[in-house]
Amino acid sequence: MNKINGFDILEIAEKFGTPIYVYDAKKIKENYSKLYSSFSNYFEKFTIHYSLKANSNIHILKILKNLGAGADCSSPIELNLALNSGFDPTKIIYTGNFESSEDLREITRYNIKINLDDITSYFRLKEICSPNFVSFRVNPGIGKGGFEGITTGGTDAKFGVPYELIPQAYKTAKSDGVNNFGVHIMTGSNILEPFYFAEVLDKLFKIVGNVFKELDIQPRYIDIGGGFGIPYTETDKELEIDFTAKLIADVFFENTRKFELGIPELKIEPGRYLIGNAGYLITKITGIKNGYKKFIGVDAGMNIFPRPALYGAQHKVTLYKKEVPNQIVQVCGQICENSDILAKNVAIPEPKEGDILVFHNAGAYCYSMASNYNGRLLPAEVLLDQKPLLIRKRQTFEDILETMRFE
Ligand SMILES: Cc1ncc(COP(=O)(O)O)c(C=O)c1O
């Protein structure tokens, strides 16, 4: 592959340097409209809250805001980035984990709906304000994700209120005088099976349906989180998003009718689905080693591209202007850890030092997870829209030193 959104990869590398993250604006817009049109076929009251944790560059946030998306934040800084990008507070939700009193104090400065991770979070919130709206994240006792690290439901998951405690949680809030409610569930990320979304939603109604009916609660919204997957490997099948939306709608309307819950808004919090396949990491080959295996070194590493080391994730690899794979190699970073193998046993064309090597599907959970480990600097980011636009400067040694200067 030689071009991204019509722009020559080598020209981008020469103009902005490597390693560099680039994002295809056209692809982001296509992803959004595909998701939006699938769900709007079935739901009138429905909001897409883009999950900032996937990628929180404000230039990307602005694209999504202009398309009509809301935002889903998981920390006060993400919240401030969303506000800074112009999202209306009424279109921002907050879904955190172990929300501290400090975090809750910051969040409650704005009119943001919060999905509370535990009943103890509710107690901390009550010490700060008298909430007029409460939503709990439910752990339904089951979970599924692309990897163990991104499975967020079930008995090993640290997220959400265990479902057995849900009646108590809503009863407590109701008896405190709270009159407006929502509910949240998300049991894992990178799911490619449509039926799983419907199964989890069905489970949610089994948990909250009667509780809401007994407490005379008609929830303002039902938030099913993110988790909509993308194919990373050749054997991964694309998630059939229209079919997924239909299955979700069938369960949603059957159960809201059955439990007399009115017509709540459906909220979803996609991250990966909107940005994952729109991002690329462009690197340069720094060395080729014929060791016990053939190792190809690039000028990036697990510090800026952590998914392979963190989860064993696989990303497609291509070389600029070289098409025919003729060997199996290990593509490595420069970090002093043997987990810094960025692509294991991948087939690539004949490489040479200085070649441009591109990792695909690098838009989500890549830059947003980057660190300075081994003293390696954070790369720049470029948005490929009408023309290539630098949307984040490359970090410098001065930037690092600045945080340690006290005189
Ligand atoms: C609460 C919550 N919402 C949304 C997301 C985004 O998930 P995804 O990128 O799989 O859509 C996550 C990811 O972990 C999450 O924990």
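Overview of values
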| quantity | calculated |
| --- | --- |
| Odd one out for PHE195, checked against (1) surrounded by fewer than 17 Cβ atoms within 10 Å (Cβ to Cβ); (2) within 16 Å of the ligand (Cβ to nearest atom) | (2) |
| Filter result (small (Gly, Ala, Ser), within 12 Å of the ligand (Cβ to nearest atom) and surrounded by fewer than 21 Cβ atoms within 10 Å (Cβ to Cβ)) within the stretch 147-189 | GLY149, ALA157 |
| Residue within the stretch 90-113 that is within 16 Å of the ligand (Cβ to nearest atom), in a loop (DSSP other than H, G, I, E, B) and of a type in the set (Val, Ile, Thr) present | yes |
| Residue check for SER38: farther than 12 Å from PHE87 by Cα and either free of Cβ contacts under 8 Å to residues at least 24 places away in the same chain or open to solvent by 10 Å² or more (accessible area, probe 1.4 Å) (or both) | no |
| Wholly enclosed strands (runs of 3 or more DSSP E) of the stretch 256-363 bearing at least 3 residues within 28 Å of ILE60 (Cβ to Cβ) and away from the ligand (no atom under 16 Å from the Cβ) | 279-290, 317-319, 341-348, 356-359 |
| Cβ-Cβ under 6 Å pairs, at least 6 apart or on other chains, the stretch 73-95 side more than 23 Å from GLY160 (Cα to Cα), far side among the hydroxyl-bearing types (Ser, Thr, Tyr) and crowded, with 20+ Cβ neighbours inside 10 Å | LEU81/SER56 |
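The values are calculated or read from the model by the stated rules, or taken from the named source; none is laboratory data. Note that the coordinates shown come from a computational prediction; the quantities given were computed from them, not determined experimentally. Note: ideal-geometry Cβ built from the backbone for every residue, glycine included; neighbour counts use all protein chains shown. Note: areas computed on protein heavy atoms with side chains; ligands, DNA, RNA excluded. Shrake-Rupley method; radii C 1.70, N 1.55, O 1.52, S 1.80 Å.
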